[in-house]
1. (1) farther than 21 Å from LYS83 by Cα; (2) not in a helix (DSSP H, G or I): which one isn't true of ALA105, the others all being true?
2. Name the residues in region 116-126 that are over 19 Å from ALA95 (Cα atoms) and crowded, with 19+ Cβ neighbours inside 10 Å, would you?
3. Could you please let me know if GLU80 is under 30 Å from VAL33 (Cα atoms) and at pLDDT below 95?
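The values are calculated or read from the model by the stated rules, or taken from the named source; none is laboratory data. Computed from a predicted model, the values in this text were never measured in an experiment. When we count neighbours, we look across all protein chains shown, and the Cβ atoms used for this are built from the backbone with ideal geometry, even at glycine.
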Amino acid sequence: MRVPEGAGTGKAKVTLSLSGWKGMTVTSATYEVPVEAPKAEGKADGGQPAEKPPAAKPAEKQDDQAADLLRAQRERMLIEEQKLTQVVEAALRKARRTYPDEPEAALQLLRTTLLQVWDHPDVSERVRNSLLGRLVATRRGLSQEK
């Protein structure tokens with residue numbers, strides 16, 4: 001990795017984020033990395049050619065941290081999907097119950113729930129499409145009962 005000219009040696013904090021990843025929220029991660037002075041090219045002090053530094057290997061600890069972050073994000077996503085599924089199921093039950101007496105209120109509940117599902121950032125596209133399909137089908141079914 002190139003270090004800006006004039007940067008000192010020591011440790012630097014580097015933050016990795018993927019804010020532009022569509023359809024998914026990825027938690028950023030901050031790491032401390034060592035910053036070393038550049039090594040002189042050409043010959044070493046004894047007139048011998050300078051050895052090339054070994055290829056940089058990713059640190060296992062950082063790999064484990066990244067894997068843990070991804071696993072945690074997947075788990076958060078599953079929990080959010082379960083919560084949203086429960087919200088949708090409750091809204092569908094309530095809309096079916098209230099439609100005979102208050103059709104406008106039932107349709108408004110379905111509309112509000114549909115928007116909540118549509119705008120939720122922490123659910124997969126597959127789950128979102130499934131829940132939206134259920135809401136639309138129920139709304140259609142209730143509207144045809146008139």
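1. All conditions are met except number (2).
2. From region 116-126, those over 19 Å from ALA95 (Cα atoms) are 119-126; that's our starting set.
The one that is over 19 Å from ALA95 (Cα atoms) and crowded, with 19+ Cβ neighbours inside 10 Å: VAL123.
3. Values: under 30 Å from VAL33 (Cα atoms): no; at pLDDT below 95: yes.
No; evaluated as a whole, the condition is false for this residue.
Residue-by-condition table, conditions (1) touching a Phe, Trp or Tyr at 6+ places or on another chain (Cβ under 8 Å); (2) exposed (fewer than 12 other Cβ atoms within 10 Å of the Cβ); (3) among the basic types (Lys, Arg); (4) not in a helix (DSSP H, G or I):
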residue: ALA90; (1), (2), (3), (4): no, no, no, no
residue: ASP101; (1), (2), (3), (4): no, yes, no, yes
residue: LEU109; (1), (2), (3), (4): no, no, no, no
residue: LEU114; (1), (2), (3), (4): no, no, no, no
residue: LEU131; (1), (2), (3), (4): no, no, no, no
residue: ALA137; (1), (2), (3), (4): no, yes, no, no
residue: SER143; (1), (2), (3), (4): no, no, no, no
